[in-house]
1. Would you mind giving the mean number of other chain beta-carbons within 10 Å of the Cβ of each residue in A:70-77, as a whole number?
2. Which whole-number percent of Cα pairs in segment B:2-91 have a distance greater than 24 Å?
3. Remind me, relative contact order of chain B in percent, using alpha carbon pairs under 8 angstrom and six or more residues apart?
4. Can you give the mean number of other chain Cβ atoms that lie within 10 Å of the Cβ atoms in peptide A:35-48?
5. On average, how many beta carbons from a partner chain sit within 10 Å of the beta carbon of a residue in B:55-62?
6. Can you give the convex hull volume of the alpha carbon atoms of the protein assembly as shown per residue, in Å³?
7. Before anything else, pin down the relative contact order of chain A: Cα pairs under 8 Å, at least 6 apart, normalised by residue count, whole percent.
8. Report Rg (one decimal) and Dmax (nearest whole number) for segment A:2-84, counting Cα atoms only, units Å.
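What follows is calculated from the coordinates using simple rules that are stated; it is not laboratory data. Note that the structure is predicted; figures quoted are calculated from it, not measured. Note that each Cβ is placed from the backbone with ideal geometry, even for glycine, and that neighbours are counted across all protein chains shown.
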């Protein structure tokens, strides 16, 4: 019962964040919303793993948390510099 | 045992309310930096409350250890991502919306 409520709340939050990701006036708004969707997806997988008593699935949530952070930082680096191959320090010291 | 159940329900409901508050917050706030404030705080606390509640449900096992690892990672990576997002937006020249009284304040980088 409580897990159904939790899953529903997470899905509502994900849909609100997705609406912001589609509407967002700047690219940073979209990245913020996508970061939020990723965090909520980690929680959704963890809740579903405990709900269905298949606790092996928590490994998937752990991996998703790691990939989500790396992905957001990589997209930010891409937006800031326009490429992936220059290092940020060289660009700022010029 | 029933006490632990009730405490974990309280944690999970707090996490659900925080998550929905953050989802409403990124629609109600006027500009990017205030949306970042709404989303950053509620994301971290929502994840923390959910994972503590789930860890109480599973008891002491390998599952709660993994939940604790997710908790530790999200507790550090989520504010870091929020900071990186604010820094990138600031470096990219996005100006915060200010009212008239504060508009002379200088928001350029490395001014001090």
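1. Details: counts 1, 1, 7, 6, 0, 2, 8, 2.
Mean partner shielding for this stretch: 3.
2. Working: 1155 of 4005 pairs.
Summing the P(r) tail past 24 Å for segment B:2-91 gives 29 percent.
3. Numbers: 88 pairs, mean separation 30.1, N = 112.
Computed over chain B, the figure is 27 percent.
4. Working: counts 10, 12, 0, 3, 13, 7, 0, 6, 12, 1, 1, 10, 8, 0.
Whole-number average of other-chain Cβ neighbours for A:35-48 is 6.
5. On the way: counts 2, 0, 5, 5, 0, 0, 1, 3.
What the average comes to for B:55-62 is 2.
6. On the way: hull volume 29.0 nm³, N = 206.
Looking at the protein assembly as shown, the number lands at 141 Å³ per residue.
7. Result for chain A is 23 percent.
8. Rg then Dmax for segment A:2-84, in Å: 14.5, 45.
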